[in-house]
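The values are calculated or read from the model by the stated rules, or taken from the named source; none is laboratory data. This one's a predicted model, so the numbers in the text were calculated from it and none came from an experiment. Glycine also receives a Cβ, built like all others from the backbone with ideal geometry; neighbour counts cover every protein chain displayed. Please note that ligands, DNA and RNA were not included when accessible areas were found on the heavy atoms of the full protein model with its side chains. Shrake-Rupley method; radii C 1.70, N 1.55, O 1.52, S 1.80 Å.
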Amino acid sequence: MVLMKMKFSFQKRVKLAQALWLLSWVATIGGAVTFSLGVFLKTELQRRSEVMDNTEIHAVPNTLMIVGLASLGVNFFAGRMCQDALDPSRFPRWKGLLQPYLAVAVFLALVMLVAIVMSYAMKGNLEASLKVGLKNGIRYYKDTDTPGRCYQKQTIDQLQMEFQCCGNTDFRDWFEVQWVSNRYLDFNSKEVKDCIKSNVDGHYLVDSVPFSCCNPSSPRPCIQHRLTNDSAHYSYEYEAEELNIYVRGCREALVSYYMGLMNSIGAGVLSIFLVQMSVLVSLRYLQTAMEAVAGQENTEMETEGYLLEKSVKATAKEFTDKVLTLLQLNQVQAVEGQAAEGQAAEATPEKPVS
Amino acid sequence: MAVLKVTFTKTKRDKLAQVLWILNWVSVVTGMILLSIGFFLKVEIQRRQELMSNREVYSVPNMLIAVGHIACAINFLGGKICYDCVDTTKFLRWKLLMLPYIICTFFFTFCLLAGAFMCYAMRHELEESLSIGLQDAMRFYKDTDTPGRCFLKRTVDLLQIQFQCCGNDGFRDWFHIQWISNRYLDMSRGEVTDRLRSNVEGKYLSDEVPFSCCNPSSPRPCIQHQVTNNSAHYNYDYQVEELNLWPKGCRQALLEYYTHIMQSIGLTVLLIWLFELSVLTGVRYLQTSMENVLRQGDPDSKSDGWLLENSFAETARYNFNIIKNLGKCYQVDDDPNIDFQTPTQPGSDNVPPKPILFAT
């Protein structure tokens with residue numbers, strides 16, 4: 001039961017080879033583009049690595065880079081192969097190579113598909129990583145004198161200004177954390193003493209946010225201290241005020257930025273995947289059509305090309321059997337050797353009788 | 001005594017023509033580069049046009065755009081001419097045009113040089129323009145309810161954040177203007193009315209700066225209110241504190257930014273000028289050698305090419321005489337309708353010498 005049989009006249013074979021040559025060059029460029037997209041995504045993720053808790057999301061750009069490089073090689077060979085395909089004398093060179101080559105190429109295409117799916121599916125992972133990373137960033141904001149954390153303040157400030165966001169989920173996250181270091185608090189002042197006493201852990205918690213949360217589009221000068229206290233500021237209502245500070249949380253801002261990036265990259269890589277699959281399908285048809293020509297006197301006769309010689313199930317079974325045989329090859333040889341020895345030992349005592 | 005005479009064989013002439021054809025096309029590309037540089041500079045200045053007080057700064061990018069257009073056209077024509085110069089019959093078509101073309105291109109290179117110098121000289125104009133523009137922008141910072149000025153607050157805030165600067169010369173400029181609108185001042189508070197009364201013009205001045213002056217690299221949370229009052233903040237000495245606010249003034253920051261761009265542009269224009277001059281020299285040699293070949297009659301023979309037929313002084317004197325006689329050409333000496341008592345000499349004719357154009 002042959003899968004997807006197609007008849008190929010000589011002209012059709014020639015046209016197929018030409019189309020394949022062109023497609024393979026397009027797919028090579030596509031491979032290079034995939035690689036560069038992977039590099040770009042990795043650098044973008046690296047820039048904000050300080051607010052990410054883990055590097056699991058880097059699996060997406062890493063996969064893209066590997067697939068891009070591998071597909072460069074695969075498609076280059078496809079191009080070389082189809083140049084030799086139409087010449088019946090040169091084609092047999094590639095005979096032995098084609099089956100494993102196609103297996104590897106199909107595997108690579110599947111990995112590309114997996115990378116595309118990952119770029120959409122890893123949103124949850126990214127969000128969780130950012131949640132923890134931003135929480136730590138905000139917690140260590142005040143520790144500008146602790147080595148290893150002294151740049152957190154600058155990082156968070158620049159992040160909030162660039163992405164126009166404030167805090168983790170929103171600006172209220174700053175109310176729950178002491179972001180003013182004890183070095184700059186006057187412990188003799190009554191206000192500070194009251195604030196610290198009213199808190200269980202002895203933290204200085206206030207309803208203020210850092211200056212980097214301020215929105216330049218606000219018509220009035222930025223109010224960053226005593227945000228929830230309407231009477232502390234003239235003509236100010238905290239519930240109604242929308243433009244004073246950024247209302248979006250940095251986690252949401254970063255997730256939407258990176259998901260936008262990964263979605264566009266995913267869409268681009270999907271089109272490259274389709275080109276790659278068409279290259280592989282055309283190569284398979286060309287191979288099977290040319291194999292039927294081999295050994296015939298009339299090289300311009302019409303032949304049949306197919307995708308799989310047997311049905312999908314039978315081919316899969318055959319493939320797994322082959323792989324298992326390869327793996328068990330040594331075992332089988334050893335068993336056969338012992339059996340042969342056993343037979344020889346049985347045969348020799350009979351000789352003196354005859 | 002010809003200036004810089006070089007002898008050309010036929011093959012040398014042909015090679016020169018081909019090389020010049022290619023170089024002229026390269027010059028077309030450099031003309032397009034000039035054009036795009038001019039557009040880039042125009043866009044960069046337009047982005048900050050709210051902070052610049054006069055429009056004279058647009059003269060430099062406009063000049064570059066115009067020069068870029070002319071360079072493309074001139075070099076396109078030059079390419080055509082050089083392409084035809086290989087064949088003496090085709091050269092005859094261009095013979096009369098070549099000399100004016102060379103003169104025009106020579107004067108055009110002066111325009112290029114002027115463009116390069118303008119890039120370097122614009123700095124002073126730009127500084128003045130920025131100084132006044134920034135001053136006005138800071139003055140209207142609070143007028144977010146006035147149409148036409150409502151975006152100045154945002155512009156100034158984003159400028160200070162992006163260029164890492166504060167105020168015109170420094171952060172103290174904010175102390176001299178009222179940047180908090182009266183809409184947000186509680187006039188019932190004694191503190192506010194005291195401040196307003198203590199000022200001659202009734203302005204609310206205080207030692208505060210907007211949040212956009214804050215430096216994120218500072219180890220402590222930003223101090224933007226009561227900046228000069230050491231006792232208002234714990235462990236704070238405003239004379240010593242360097243990282244709290246941006247130390248640079250915005251005029252200096254913008255000036256540095258634009259000067260850097262202009263210097264690179266000026267250098268590029270100078271390089272293009274040198275290139276154009278060398279192409280022009282090649283075209284001049286080609287022209288003189290082709291004309292000498294025609295004069296000799298044999299298209300395959302050797303010919304001389306030069307920059308000027310006679311020395312500089314002689315050529316200058318000759319042209320000066322021509323220009324003088326040009327003026328006399330149209331005098332009414334021999335108008336038959338007017339009776340002049342002119343002293344005649346035997347053998348002289350009253351026909352003035354014909355004006356001869358710049359001879360080769």
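Observations on the model:
- Which listed residue is among the small types (G, A, S) and either within 13 Å of another protein chain (Cβ to nearest Cβ) or not in a helix (DSSP H, G or I) (or both), from A:A253, A:A240: A:A240
- Check on A:D207, modelled with pLDDT of 90 or more, away from every other protein chain (no Cβ under 13 Å), at negative phi and out of contact with any Phe, Trp or Tyr (no Cβ under 7 Å at 6 or more places or on another chain): no
- The condition (being over 24 Å from A:Y151 (Cβ atoms), more than 14 Å from every other protein chain (Cβ to nearest Cβ), free of Cβ contacts under 8 Å to residues at least 60 places away in the same chain and in contact with a Leu (Cβ under 6 Å, 6 or more places away or on another chain)) is satisfied by just one residue among A:N215, A:N199: A:N199.
- Within the stretch B:205-218, the set of residues being crowded, with 17+ Cβ neighbours inside 10 Å and touching a helix residue (DSSP H, G or I) at 6+ places or on another chain (Cβ under 6 Å) comprises B:V209, B:F211, B:S212, B:C213, B:C214, B:P216.
- Single condition B:C150 does not satisfy, out of (1) in contact with a Cys (Cβ under 9 Å, 6 or more places away or on another chain); (2) loosely packed, with under 15 Cβ neighbours inside 10 Å: (1)
Every residue, every condition in (1) surrounded by 14 or more Cβ atoms within 10 Å (Cβ to Cβ); (2) touching a residue at least 24 places away in the same chain (Cβ under 8 Å); (3) in the same structural domain as B:K302 (by TED's automatic domain parsing); (4) part of a helix (DSSP H, G or I), yes or no:
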| position | (1), (2), (3), (4) |
| --- | --- |
| B:M63 | yes, yes, yes, yes |
| B:V86 | yes, yes, yes, no |
| B:L92 | no, yes, yes, yes |
| B:Y101 | yes, yes, yes, yes |
| B:G115 | yes, yes, yes, yes |
| B:E125 | yes, yes, yes, yes |
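- Condition broken by A:V200, with the remaining ones in (1) at pLDDT below 90; (2) open to solvent by less than 20 Å² (accessible area, probe 1.4 Å) satisfied: (2)
- In the stretch A:154-169, the qualifying residues are those that are more than 10 Å from every other protein chain (Cβ to nearest Cβ) and open to solvent by 40 Å² or more (accessible area, probe 1.4 Å), and the one that is nearest to B:N244 (Cα to Cα) is A:Q164.
- For the stretch A:275-309, a residue qualifies if it is out of contact with any helix residue (DSSP H, G or I) (no Cβ under 8 Å at 6 or more places or on another chain) and not aliphatic (A, V, I, L, M), and the qualifying residues are A:T288, A:G295, A:Q296, A:E297, A:N298.
- Pairing residues of the stretch B:297-311 that are touching a residue at least 60 places away in the same chain (Cβ under 8 Å) with residues that are aromatic (F, W, Y) and open to solvent by 60 Å² or more (accessible area, probe 1.4 Å), at Cβ distances under 9 Å and at least 6 apart in sequence or on separate chains, gives B:N310/B:Y318.
- Of the residues making up the stretch B:196-246, those that are among the charged types (D, E, K, R), free of Cβ contacts under 8 Å to residues at least 24 places away in the same chain and more than 14 Å from chain A (Cβ to nearest Cβ) are B:R197, B:E201, B:E242.
- Enumeration of residues in the stretch A:108-153 that are surrounded by 19 or more Cβ atoms within 10 Å (Cβ to Cβ), away from every other protein chain (no Cβ under 14 Å) and of a type in the set (V, I, T): A:I116
- Members of the stretch A:185-210 found to be over 21 Å from B:P219 (Cα atoms) and either under 42 Å from the mean Cα position of the chain (by Cα) or not in a helix (DSSP H, G or I) (or both), listed by number: A:N188, A:S189, A:S198, A:N199, A:V200, A:D201, A:G202
- Residues within the stretch A:170-184 that are open to solvent by 30 Å² or more (accessible area, probe 1.4 Å) and closer than 13 Å to B:S218 by Cβ, tallied: 2
- Among residues of the stretch A:67-98 being touching a helix residue (DSSP H, G or I) at 6+ places or on another chain (Cβ under 9 Å) and polar (S, T, N, Q), the one that is farthest from A:S271 (Cα to Cα) is A:Q83.
- Looking only at residues of the stretch A:218-237 that are more than 7 Å from chain B (Cβ to nearest Cβ), farther than 24 Å from B:Y234 by Cα and of a type outside the set (S, T, Y), we find that the one that is most open to solvent (accessible area, probe 1.4 Å) is A:E237.
- Yes/no for B:W174 being touching a residue at least 40 places away in the same chain (Cβ under 8 Å), out of contact with any helix residue (DSSP H, G or I) (no Cβ under 6 Å at 6 or more places or on another chain) and within 14 Å of chain A (Cβ to nearest Cβ): no
- Members of the stretch B:273-300 that are in contact with a Lys or Arg (Cβ under 6 Å, 6 or more places away or on another chain) and surrounded by 19 or more Cβ atoms within 10 Å (Cβ to Cβ): B:S289
- Among the residues of the stretch A:256-271, those that are among the hydroxyl-bearing types (S, T, Y) and either open to solvent by 10 Å² or more (accessible area, probe 1.4 Å) or within 14 Å of another protein chain (Cβ to nearest Cβ) (or both) comprise A:S256, A:Y257, A:S264, A:S271.
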